[in-house]
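Trainee: Have a look at the structure that comes next, please.
Please treat every number below as a calculation from the coordinates, not as lab data. Keep in mind the model is a prediction, meaning the values are calculated, not measured. Cβ atoms come from the backbone with ideal geometry, glycine included; neighbour counts cover every protein chain shown.
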Amino acid sequence: MLIDVFSVFREEADTNGIVFYYSGIVSQNVIKTMSDSLKQNLQQQDEKGARSRKVFSTFIEMIQNAMHYSPSVPGATDSTDTKEGAILVSKKEDKYFVICANFIQKQNETRIRNKLDPILEMSADEIRQAYRAQLKNDQHSEEDTTSKGAGLGFLTLARDSVEPIEYAIRDAIGYEDELSCFYLKATI
């Protein structure tokens with residue numbers, strides 16, 4: 001049975017242009033290893049220049065968000081290296097898609113929606129202006145004690161994406177009362 005499931009997964013990955021996929025514990029060491037692997041994959045695709053840098057920086061931004069903002073894996077007794085996430089990089093035609101998933105606390109759903117929904121309504125020029133304004137925002141740590149990056153991460157993803165970023169928040173199966181699964185997609 002498992003070989004059949006893996007075979008179907010691999011065929012779907014090939015059909016959908018999966019360049020890189022990871023699901024599991026996220027730590028600095030894992031991110032370093034994934035980064036090296038993605039760089040090699042992009043080089044094999046003969047991807048160079050600004051687009052390669054945008055794919056790579058989008059990948060790093062998303063997976064670091066998973067590491068920094070995810071709660072520890074439910075039931076874990078040690079908080080070190082117990083954050084989970086999944087990330088995928090695929091290429092279809094001339095576009096790269098970077099999609100990340102990670103757990104979030106239920107109480108953070110509204111805060112995330114309040115950060116992302118306005119960005120989804122902005123034009124590319126408005127995103128650039130909001131990014132510049134946020135760079136100068138000295139009040140951020142007083143306004144949002146949860147976020148480490150002054151909200152620049154979502155703006156950076158939106159700025160680098162050639163299509164509007166997309167997100168979804170779904171119940172985390174088995175943890176519906178306390179956790180949700182947060183999905184984020186950028187197109188480069």
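Trainee: Spot the failing condition for residue 2; the list is (1) under 26 Å from residue 180 (Cβ atoms); (2) free of Cβ contacts under 8 Å to residues at least 40 places away in the same chain, and only one is missed.
Mentor: All conditions are met except number (1).
Trainee: Show the residue pairs meeting these rules: Cβ distance below 6 Å; 6+ apart or different chains; first residue within segment 86-101 and in contact (Cβ under 8 Å) with a residue 12 or more places away in the chain; second residue surrounded by fewer than 16 Cβ atoms within 10 Å (Cβ to Cβ).
Mentor: Between residues of segment 86-101 that are in contact (Cβ under 8 Å) with a residue 12 or more places away in the chain and residues that are surrounded by fewer than 16 Cβ atoms within 10 Å (Cβ to Cβ), the close pairs are 86/23; 88/21; 90/16; 90/17; 91/17; 92/17; 101/183.
Trainee: Let me ask something additional. Take the residues of segment 161-183 that are outside any loop (DSSP other than H, G, I, E, B) and either hydrophobic (A, V, I, L, M, F, W, C) or exposed (fewer than 12 other Cβ atoms within 10 Å of the Cβ) (or both): which is farthest from the chain's Cα centre (by Cα)?
Mentor: As a first pass, look at segment 161-183 and keep what is outside any loop (DSSP other than H, G, I, E, B): 166-171, 179-183.
After this cut, where a residue has to be either hydrophobic (A, V, I, L, M, F, W, C) or exposed (fewer than 12 other Cβ atoms within 10 Å of the Cβ) (or both) as well, the list is 168-170, 179, 181-182.
Numbers: 168: 12, 169: 13, 170: 15, 179: 17, 181: 12, 182: 9 Å.
It comes out as 179.
Trainee: Within segment 15-53, how many residues turn out to be in a helix (DSSP H, G or I) and in contact with a Leu (Cβ under 8 Å, 6 or more places away or on another chain)?
Mentor: The qualifying residues number 1.
Trainee: Now a separate question. Examine segment 31-49 for a residue that is in contact with a strand residue (DSSP E or B) (Cβ under 9 Å, 6 or more places away or on another chain), of a type in the set (D, E, K, R), without any contact (Cβ under 8 Å) to a residue 40 or more places away in the chain and surrounded by fewer than 14 Cβ atoms within 10 Å (Cβ to Cβ), and state whether such a residue exists.
Mentor: No, that holds for no residue.
Trainee: Could you please find all residues in segment 54-72 being without any contact (Cβ under 8 Å) to a residue 24 or more places away in the chain and assigned to a helix (DSSP H, G or I)?
Mentor: Looking only at segment 54-72, we keep the residues that are without any contact (Cβ under 8 Å) to a residue 24 or more places away in the chain, and these are 56, 72.
Selection gives 56 alone.
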